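Data first, discussion second: the structure below is written as C-alpha cells.
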Amino acid sequence: MLTRDIEAFFSFAKTCELHYPACAKAAYLVAPEAFSLAAESATDNVYMNMQSSVRSELAAAQHQHLAHALSEQIPAISFPGRRETPDAVFPNNVFATAKQKIILGHMKHPVRQAEAERPDMLGFFREVLGYELVDLRKQAGICELTGSLIIDRARNIAYCGLSERCDESGARAMYDAFGLKACLMFDLAPGEYHTNVVLTILASRGVILAASGFADARVSNAIAAFYSPHAVLLSEAEKNAFAANAITLREDSVWMSQTAADSLSQENRKILAEAGFELHSVDLSEIEKAGGSLRCCVGEIY
C-alpha cells in the first residue's frame, strides 16, 4: 500500500505486528574531510547557515566524538571523507540498507550525487556483507532515502514527506526498494526539505514530530495518535534546534545533538523517559551549520 489516504494507511498499520528488528544491528558514518558548506544544497535547505564560517578541524573532532559515543552501544564503522565531496558527512541520504540490500538514492543536487561513486563503501556492503545492490539513481524520481523516508522498521511501514528532495515517483521507487508493507505519502510544509528534520520514529513504539513541518495537520495528528502516549510534539524552537533529527540505535536509548537535547522541554523529556528511552547527546554544532544533525550523520545497517 502506497497511499496518501490517511485513514486507509492507519487502518492497515494497526494490523501490522512487530515482526522485524526495530533498531539497526550496526551503524556507519562518513568523516568530514575539508568540511565546507555546499552552495547547491543551500538553495533548498533553510537550515544551512551560509553566513557562518566553518571550522573543519572542530567538525572533525565533533564527528569523531560521535563515532566513539555510538560505538559504546553498537558497532559503528567510520569511512574516511573525501576532499571532492566535503559535505558528505550526511550519508543516510545516499546509502541505506534493508533486508540484505544496499540501496543508492537519487540525489537532487550533483554535489551530493558524487557521493555514491565510492568503490570502498559499495565494496563493503556488496563484497564484505554480501548485500544486493539496488540502484535508484537512474530512475526518474528524486528520492533521498532516509532523509525523506522515515521507516517504522518493526512494522515495516513508512512515512514519506514529499518536497524538492523527493517526489511521488521517487517515493514509489523507495517503497519497492525497501520492500515496505505500506507507506503514507504527504507534503512537507513549504520550506522543509527532508522529513527527518520534522519526524522520527522511536524504535517503533514512539515518535518525535514537529507539526509545523507538515503541510496538512491531519497527517501529523494521525501519526502522533498512532504512537500515543509516546508522542513527543515539538515547538518551532525545538524543531529548529534539530530535536526531530534523532535516532534510536537501541530500544532503550535515543540519540540527538547537544543543541537538540538542550532545546527539549521538561515535558518532552518526561515523555521520552516514560517511554523507556535514555537520552544521549553529542555536540555537533559545527556540523549542524551544514543543515543536518545527528540522525543525518548516521547510516543504519539492517
* Asked: Just one of the numbered conditions (1) over 14 Å from the mean Cα position of the chain (by Cα); (2) at pLDDT below 95 is not true of Ala177; which one?
  -> (2)
* To do: Report, by residue number, each residue of region 252-280 that is of a type in the set (A, V, I, L, M, F, W, C), part of a strand (DSSP E or B) and in contact (Cβ under 8 Å) with a residue 40 or more places away in the chain.
  => Val254, Trp255
* Asked: Which ones in region 84-124 are closer than 27 Å to Pro21 by Cα, of a type in the set (S, T, N, Q) and within 18 Å of the chain's Cα centre (by Cα)?
  -> Asn92, Asn93, Thr97
* **Whichever residue in region 105-153 is among the acidic types (Asp, Glu) and assigned to a loop (DSSP other than H, G, I, E, B) and, among such residues, is nearest to Leu2 (Cα to Cα)** => Glu144
* Being modelled with pLDDT of 95 or more and part of a loop (DSSP other than H, G, I, E, B) narrows it down to one of Ile74, Ile102, so name that one. => Ile74
* Asked: For Gly291, are the conditions met, namely being surrounded by fewer than 16 Cβ atoms within 10 Å (Cβ to Cβ) and on the phi > 0 side of the Ramachandran plot?
  -> no
* Structure fact -> Selection from region 25-71 of residues at pLDDT 95 or above and loosely packed, with under 14 Cβ neighbours inside 10 Å yields Lys25, His65, His68
* **Looking only at region 154-210, and only at residues there that are part of a loop (DSSP other than H, G, I, E, B) and charged (D, E, K, R), the one that is nearest to Leu279 (Cα to Cα)** => Arg205
* If you check Ala154, Ala215, Ala231, which single one turns out to be over 20 Å from Asn93 (Cα atoms), surrounded by fewer than 23 Cβ atoms within 10 Å (Cβ to Cβ) and out of contact with any Pro (no Cβ under 9 Å at 6 or more places or on another chain)? -> Ala231
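The values are calculated or read from the model by the stated rules, or taken from the named source; none is laboratory data. Predicted, not measured: the structure shown is a model, and the values here were computed from it. Cβ: placed from backbone, ideal geometry, glycine included. Neighbour counts: every protein chain shown.
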